[in-house]
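Just passing along the structure, written as structure tokens.
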Amino acid sequence: MIQKSMDLSKGKVNINIGEKVLGEDLVVFSGPCSVENLDTMRNIATKLKALGVDVLRGGAFKPRTSPYDFQGLKEEGLEILKTIKKEFGFVISTEILDVRDLEKAEGFVDLIQIGSRNMYNYVLLEEAGKLGRPVILKRGFSATVSEWVSAAEYILNTGNEKVILCERGIRTFETTTRNTLDLNSVAYLKENCRLPVLVDPSHGTGVRSLVKPMALAGIMAGADGLMIESHIAPNESISDAQQTISMEVLEEIMKTSKELWRYR
Ligand code: PEP
Ligand code: MN
């Protein structure tokens, strides 16, 4: 029997993340684009903890457009994340690119991220879903909202309700910014879909100075949380330096987001 698409407009999925409830409380995910080395990660984690960031993000496996660019520390990067989790008690989120790597994340990666380039990788979506922990599904950069929600259903169909959508910008005719952050999708999804939604203004703009205004706009569009690339020395980031913000700007974003939260 062919199953019909689910009605995702009914109900509301809330997900416990550390002390917070995604869906009720503002949840902030932040950290570097890539896991670079243990020392840098410790310094970043110290700052993020002090700022009250809820989830530490960092890519061990990096999906890069050019095969000659840094591909991430891979297993070594996962080990660094594991150490950081132990030392700081951080909730950890990292991207898994390949089904063969999912088991390496088991046990210590709290949230599995599926990146924009893998939104259509349905085998990966199903296998990630089967782990039973929350899955962050980034929007494919050429995906319609309907295709994105259908991809989410692959995860939901494994019996895992803990799916988090992340709007990270789409490719349009506009080339002034790296991507066009589609905040329409956020407002639309909050009205029509029970899943929590994050906004990623880092990949959404690709421009450091635009991260703050678009993060705040994302909050007012109804986002349940933010995913932001930050670093203690943004210019020295190994990947995505041009869109990575300082800890000072992250602090400003968090403070203003909390204030705006009351007006939604
Ligand atoms: C990331 O968040 O590290 C990333 C690679 O993002 P995206 O999949 O949205 O490009
Ligand atoms: Mn990045």
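The values are calculated or read from the model by the stated rules, or taken from the named source; none is laboratory data. As the structure is a computational prediction, the values presented were derived from the model and not from experiment. Cβ coordinates were reconstructed from backbone atoms using ideal geometry, including for glycine residues, and neighbour counts include every protein chain displayed. Ligands, DNA and RNA are excluded from the accessible area calculation, which covers all protein heavy atoms including side chains. Shrake-Rupley method; radii C 1.70, N 1.55, O 1.52, S 1.80 Å.
If you scan the range 196-217, which residues turn out to be more than 16 Å from ligand 2 (Cβ to nearest atom), hydrophobic (A, V, I, L, M, F, W, C) and within 14 Å of the chain's Cα centre (by Cα)?
197
Quickly run through the range 136-159 and pick out the residues that are touching a Lys or Arg at 6+ places or on another chain (Cβ under 7 Å) and more than 13 Å from ligand 1 (Cβ to nearest atom).
Once the filter is applied, which keeps residues that are touching a Lys or Arg at 6+ places or on another chain (Cβ under 7 Å) and more than 13 Å from ligand 1 (Cβ to nearest atom), the range 136-159 yields only 158.
Would you please name the residue that is farthest from ligand 2 (Cβ to nearest atom), looking only at residues in the range 34-63 that are part of a loop (DSSP other than H, G, I, E, B) and farther than 24 Å from residue 15 by Cβ?
This residue is 37.
Filter the range 213-256 for residues that are of a type in the set (S, T, N, Q) and in a helix (DSSP H, G or I); which is surrounded by the fewest Cβ atoms within 10 Å (Cβ to Cβ)?
Taking the candidates together, the pick is 235.
Quick test for you: out of 181, 210, pick the one residue that is touching a Pro at 6+ places or on another chain (Cβ under 8 Å), within 20 Å of residue 230 (Cα to Cα) and open to solvent by 40 Å² or more (accessible area, probe 1.4 Å).
So the residue among 181, 210 that is touching a Pro at 6+ places or on another chain (Cβ under 8 Å), within 20 Å of residue 230 (Cα to Cα) and open to solvent by 40 Å² or more (accessible area, probe 1.4 Å) is 210.
Okay, next question. Anything in the range 127-183 that is under 26 Å from residue 210 (Cβ atoms) and among the β-branched types (Val, Ile, Thr)? List them, or say none.
136, 144, 145, 164, 170, 172, 175, 176, 177, 180, listed by residue number.
Tell me, yes or no, whether the range 60-71 has at least one residue that is out of contact with any Asp or Glu (no Cβ under 8 Å at 6 or more places or on another chain) and surrounded by 23 or more Cβ atoms within 10 Å (Cβ to Cβ).
The answer is no; no qualifying residue exists.
Look at residue 32 and say whether it is at pLDDT below 95 and within 16 Å of ligand 1 (Cβ to nearest atom).
In short, no.
I need a count of the residues in the range 92-134 that are among the hydroxyl-bearing types (Ser, Thr, Tyr), part of a loop (DSSP other than H, G, I, E, B) and farther than 26 Å from residue 178 by Cβ.
Looking only at that region, the number is 0.
Under 9 Å between Cβ atoms, at least 6 apart or on separate chains: pull out the pairs that start in the range 107-127 with a residue that is open to solvent by 70 Å² or more (accessible area, probe 1.4 Å) and within 16 Å of ligand 2 (Cβ to nearest atom) and end on any residue that is outside any loop (DSSP other than H, G, I, E, B) and not acidic (Asp, Glu).
Note: pairs meeting the criteria are 117/138.
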